[in-house]
Amino acid sequence: MDILDVSFSCTSVDAVSSAQWDTAGRTSGLNKDFLSIVEKSKVNNLKHNYLLLSCQNDIVARANLYEVNFDFSTTDQSLKDCIKVIKHWQSDFMDFKVLELGLFTMIGDGLDCIDERYLLPAMEATAQHMISQAEQLGSDFLLIRDIPLARYQAMQAVLQPLGFLPCSGFTNAVLYNQWQDFEQYLHSMKSKSRTKAKAALNLTEKFGIRVQVLTDYQHLAPQMAALWRNVNQSSKDYSREQLNSEFFALTQHYLPQHSEVITFEHQGKLVGFMYNLIGADEYIMLDWGVDYDFEYYQSANLYRAASLLSVQRMIELGKQRLELGITNYTPKLFLGATLEPKLFFVRHRTDPDKTEALARALTDNIQHDAELTIPACYQTQDRPCWNELQWREFIHREIDGCDATDAFAVVQRFGLPQQLKLAGLYSYYPEFCSGQFATIKNSAGADVVLLGTNSYLGLNTHPHVVAAAIAAVDRYGTGCSGSPLLNGTLDLHNRLVQRITAFSQKPAALLCSTGYQTNLAALSALIQPETLVLMDERNHRSLFDGVALAGGKMRVFAHRNYTQLESILKRSQGYPVLVVTDSVFSMEGSLADLPALVQLKQQYGFRLFVDESHAVGVLGQTGAGAAEHFGCLAQVDVVMATFSKSFASLGGYIAASCKVVNYIKHKGAGHIFSASMPAASAAAALAALDLIEQGSAQRQQLHDNCRYFATGLQAIGFQLQIPPVPIIHLILGHPTLTLAAYQTLLRRHVYVNPIMPPAVPASEAGFRISLMASHRQTELDQALAEFDRLYQEITSHGYSLTLAQTE
Amino acid sequence: MTITEKIIGLIQRTAKHTQGYAITAQSELVNQLGYDSLKLMQLITLLEDEFDLMIDDIHIGELRTVAHLAALVEEETACV
């Protein structure tokens, strides 16, 4: 391969002569005149860098680099309703300084050469120059645009060793000329389309619109810029160019023979235009502007007319193809255009994780699924046509950098945390530096109001509980180093079992070391291959995992939809059925209708397993949970709960009949094959139980706090119900908005839990606010003031919370 | 209404990604329509409600497209 060097580099086209620059390549889009327009009109305040590349002292290639602020959030359509408020909180959200190799304002090669054989060495030298240039400029990313698929593999071989990764670029629409004249083109259309096309061209007769093709249009530049801004501002698709009046004026100055404008005038006023470039082989439809207030805007299809007239001009001028550009594909497909996907290569200046995160984000966001087709040039014998899934899979696989048969291929592919970090939204594993009081200390030492703990009664910092844990460590040491079945049972564990048995109003109980494990141990033991398990769809993950581990047959019913449950029961006669439900659903703070379940149980004769983790200590006369609250504890076959919430410790328990407990104690793998609860945890749970049993006043305070806070949120304007338990699900309706709002609240010293898919559907993403008995009114008021501010910010930036919260 | 049409109706009520797609018999449940194991189980329950049948679990792992679901429902209803 030839070795090329960057022999000349400048930041203005004035520094290089036309004679030198224009003979260094073949693509007219890179000629000095074209580049001058972009530079002189100062669009987007680009920082330019023009390169000439030499091979043994002969100039053989040229490259167009520029640094631009690229707001990648514009490529993600799902953000369109909430981007304004996210930007209010985080003005630089997904906005990066990008050093690009390409053509600003149009699709095409940013690098070309006098002979194809220089292309790859020219790309290598240019990419190396970009890396050092990005260091000097402090650019965040390097981006090489618009690589055609046919060249992908060769480019990849050059660029991947330099740290670039491929990703989807924008699909380009092209219409290839195969007609003698425009009439023939119209005849080639299907009859329905032809009728539409002819109707669209009938502007003068129908609407009195004057249609002209102007090569002298400089005087229209200010009006063109204004109409172009109309389109740009209302664009639903990606758009970042900020064209101005100078841009349109300069094009005529620099490209008198190579540009023209199709204008639509009504009563002497410009109401629409299509600005086009004329290349050596191609006719390029570049910029569109229209007056949306024009009285016939709705009825006269000016865009269709302008694009048809562009086809006509391409044919008249005898060009090989019409370049229709990116986005807004439907009207281009109407013309008969071919859609050709392009690839980008990206690289972060310093961080390979960010390179990968951006490559994956662009690959997922930049293409519109329905618009992607793979051209014949990249089809292979074993893969004659690709759909969008195969296209994405192809690119992700290239980014993975490992074989599909690698056992860790899925690990390579997992990129969500890196993508959130790139967006500045990674919110998991926040670090706190104090116990969980009503406020917690952040790493800067400031007090943060804690509205995101499951320590509902605030006992994990209670002196009685803390003292009991310390005393237990003094007496028993730190761990039990063995199964409860063998050496892992202390007198302390047995005392806890006795107390829990009485507390749960069941004949027997057993302990496990975590709540998650308790459900796994119990369900995997109780469920047999023939058992039919019926689950509420919002049950906790540990319940689903327990069922999966057991391998029984499972069906889910919609959340608290007992009519659907009954229809399943009706057609499941003869199956041994176990119904499993949370009593309090931890994400949304809703309550299972246990009396309704008990009634069905009496009718259909199934077994009932209830996870009371979020209810114990909180509901019921003695704090035994929701079943006690509803007066149906005796009808529940198995009660499960955890010590890690109101009990302020760690571990879990099952309370049930002696037979059931005895079975799980000897068959429940999660119970037997795991070391028992550490003494400190068992002692803390025992001490917490003392307080729970005496704690009706605390429970009352907890419910009062919840009512106070929920009422305060309603008064601000949030749509929510007063929940039956101290968990408030505040729906924001969008995962990215939720994370941005969460971080905003955290900066303002309020901690809530963001809840996201898969825990809830995306439309229910929002906050899970949990109250504690130990919150004082001043802390709640401080938090409410921040929620008020948040509400005003969200609604004043055009996001409809009402819509999100009532959908 | 055919079985496939009924199934597509149920999918429109439950799928994660339905925008931008015309759901057809060839639509892929996981890759295109965004079903995960839980969503798929919800769909199975709805199918069983709609067609009043119990689908054998051993078939669930083989479901990839809407057409597979339709074939399964046809097979199960034929057995009744």
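The values are calculated or read from the model by the stated rules, or taken from the named source; none is laboratory data. Quick caveat, the model's predicted, so the values are computed rather than measured. With ideal geometry, Cβ positions are generated from the backbone for all residues, glycine too; neighbour counts draw on all protein chains shown. Surface accessibility is based on the protein's heavy atoms, side chains included, excluding ligands, DNA and RNA. Shrake-Rupley method; radii C 1.70, N 1.55, O 1.52, S 1.80 Å.
The string of couplings for the range A:325-331 from the Karplus curve (6.51, -1.76, 1.60, θ = phi - 60°) is x, 9, 6, 6, 7, 4, x Hz, one whole number per residue in order, with x for Gly and Pro. Of all DSSP bridge pairs formed entirely within the protein assembly as shown, close to 75 percent run antiparallel. For the range A:707-807, the equivalent ellipsoid built from the Cα gyration tensor has semi-axes of 20, 15, 14 Å, listed from largest to smallest.
Sequence-ordered 3J(HN,Hα) estimates for the range A:341-357 from the Karplus curve with 6.51, -1.76 and 1.60 and θ = phi - 60° stand at x, 10, 10, 10, 10, 10, 7, 7, 4, 10, 10, x, 4, 6, 4, 5, 4 Hz, glycine and proline given as x. With R₀ fixed at 41 Å, the C-beta to C-beta distance from residue A:704 to residue B:37 puts the FRET efficiency at about 0.50.
Please report the relative contact order for the range A:520-632, taking Cα pairs under 8 Å with a sequence separation of at least 6, and give it as a percent rounded to a whole number. All intermediate terms of the calculation are to be shown ahead of the outcome.
Values: 187 pairs, mean separation 25.3, N = 113.
Across the range A:520-632, relative contact order equals 22 percent.
Each label point was placed 7 Å from the Cα along the Cα-to-Cβ direction; for residue A:567 and residue A:776 their separation is 5.4 nm. Angle between the Cα long axis of helix A:541-550 and the longest principal axis of chain A, 0 to 90 degrees, nearest 10? Between the helix axis and the principal axis of chain A, the angle is about 80 degrees. Could you check the simple spin-label distance between residue A:154 and residue A:216, using points 7 Å along Cα→Cβ, in nm with one decimal? Reported label-point gap for residue A:154 and residue A:216 is 4.6 nm. Calculated accessible area for the protein assembly as shown comes out at 42 Å² per residue, all protein chains present (probe 1.4 Å; ligands, DNA, RNA ignored).
Averaging the Cα positions of each part gives two centres, and for the range A:412-486 and the range A:578-609 these lie 31 Å apart.
Here the scattering of the range A:476-530 is modelled by Debye summation over its C-alpha atoms, one equal scatterer each and no solvent; at q = 0.24 Å⁻¹ the log10 of I(q)/I(0) is -1.11.
Here the peptides A:252-261, A:794-803, A:612-621 are ranked by packing, the mean other Cβ count within 10 Å, and the order with the highest first is A:612-621, A:252-261, A:794-803. Between the alpha-carbon centres of the range A:553-577 and the range A:101-176 there is a gap of 57 Å. Farthest toward the positive end of the dipole of the protein assembly as shown, out of A:314, A:10, A:439, is the Cα of A:439, where the dipole comes from beta carbon charges about the Cα centre.
Using only protein heavy atoms and a 1.4 angstrom probe, determine the accessible area buried between A and B, summed over both sides, in Å² to the nearest 100.
On the way: alone 33910 and 4960 Å², together 37370 Å².
Using a 1.4 Å probe on protein heavy atoms, the buried area is about 1500 Å².
Among the listed pairs A:80/A:421; A:190/A:269; A:332/B:6; A:40/A:269; A:190/B:6; A:506/A:570, give every one whose C-alpha distance is greater than 25 Å. Table pairs above 25 Å Cα-Cα are A:190/A:269; A:332/B:6; A:40/A:269; A:190/B:6; A:506/A:570.
For the range A:389-438, a simple Cβ point-charge model (Lys and Arg +1, Asp and Glu -1, everything else neutral) yields a dipole of about 180 debye relative to the Cα centre. Label separation (residue A:328 vs residue A:785): 4.9 nm, computed from points 7 Å beyond Cα along the C-beta direction. In order along the range A:434-449, phi translates into HN-Hα couplings of 7, x, 8, 7, 5, 10, 10, 8, 8, 5, 8, x, 7, 7, 10, 5 Hz, rounded to whole numbers, per the Karplus curve 6.51 cos²θ - 1.76 cosθ + 1.60 with θ = phi - 60° and x for Gly and Pro. For chain A, the relative contact order is 11 percent, taking Cα pairs closer than 8 Å that sit 6 or more residues apart in sequence and dividing their mean separation by the residue count. Think of chain A as having a plus end and a minus end, set by charges on the Cβ of Lys, Arg, Asp and Glu; of A:556, A:797, A:128, A:556 sits farthest toward the positive end of this dipole.
Counting every pair of alpha carbons in the range A:217-303, the share spaced more than 15 Å apart comes to 58 percent. Once a ≥ b ≥ c are taken as the square roots of the eigenvalues of the Cα gyration tensor of the range A:266-332, is the result rounded (a/c under 1.5), prolate (a/b larger than b/c) or oblate (a/b not larger than b/c)? Prolate, since a/c reaches 1.5 and a/b exceeds b/c.
Note the full-extension length gain between residue A:478 and residue A:137 as 0.36 nm times their separation in residues minus their Cα-Cα distance, in nm to one decimal. Working shown, then result.
Values: separation 341, 0.36 × 341 = 122.76 nm, distance 5.54 nm.
Length difference between fully extended and current span is 117.2 nm.
Go ahead and estimate [θ] at 222 nm for the protein assembly as shown from helices alone: -39,500 (n - 2.57) per DSSP H run with n ≥ 4, summed, over the residue count, rounded to 500. Here the helix-only value at 222 nm equals -12500 deg cm²/dmol. Would you mind checking the tilt of helix A:515-526 against the longest principal axis of the Cα atoms of chain A, expressed as 0 to 90 degrees and rounded to 10? Computed tilt is about 70 degrees. For the protein assembly as shown, the square roots a ≥ b ≥ c of the C-alpha gyration tensor eigenvalues yield an a/c of 1.5 or more together with a/b exceeding b/c, which makes the shape prolate. Find which of B:61, A:330, A:682 sits farthest along the positive direction of the dipole of the protein assembly as shown, computed with +1 on the beta-carbon of Lys and Arg, -1 on that of Asp and Glu, about the Cα centre. Toward the positive end, the furthest listed residue is A:682. Classify the range A:594-664 as rounded, prolate or oblate, taking a ≥ b ≥ c as the square roots of the eigenvalues of its Cα gyration tensor: rounded when a/c is under 1.5, otherwise prolate if a/b is larger than b/c and oblate if not. In terms of gyration-tensor shape, oblate.
Over the Cα atoms of the range A:575-730, compute the convex hull volume and normalise it per residue, giving Å³.
Working: hull volume 21.0 nm³, N = 156.
Enclosed volume per residue, from the Cα hull, is 134 Å³.
Hey, got the dipole for the range A:624-780? About the Cα centre, +1 on K and R Cβ, -1 on D and E Cβ, debye to the nearest 20?
Values: 10 positive and 7 negative charges, 53 e Å.
Charge dipole of the range A:624-780: 260 debye, to the nearest 20.
Annotation: average projected area of the range A:428-541 is 11.2 square nanometres, based on the convex hull of Cα atoms across all directions.
What does the charge dipole of the protein assembly as shown about its Cα centre add up to, to the nearest 20 debye, if the Cβ of each Lys and Arg holds +1 and the Cβ of each Asp and Glu holds -1?
On the way: 69 positive and 92 negative charges, 350 e Å.
Dipole magnitude for the protein assembly as shown comes out near 1680 debye.
Given a cut-off of under 8 Å on Cα pairs at least six residues apart, what relative contact order in percent is computed for the range A:66-142?
Working: 70 pairs, mean separation 25.1, N = 77.
Value for the range A:66-142: 33 percent.
If the chain linking residue A:792 and residue A:26 were pulled fully straight, counting 0.36 nm for each residue of separation and taking away their Cα-Cα distance, it would gain 270.2 nm.
The H on the amide N of residue A:427, modeled in the peptide plane, is under 5 Å from the matching H of no residue at least 5 residues off or on a different chain. To the nearest ten degrees, helix A:696-716 and the longest principal axis of the Cα atoms of chain A are 20 degrees apart.
Go ahead and run the numbers for FRET between residue A:603 and residue A:722, Cβ-Cβ distance against an R0 of 35 Å, rounding to 0.05. Walk me through the numbers before you get to the answer.
Values: r = 32 Å, r/R0 = 0.91.
Efficiency computed from Cβ-Cβ geometry: 0.65.
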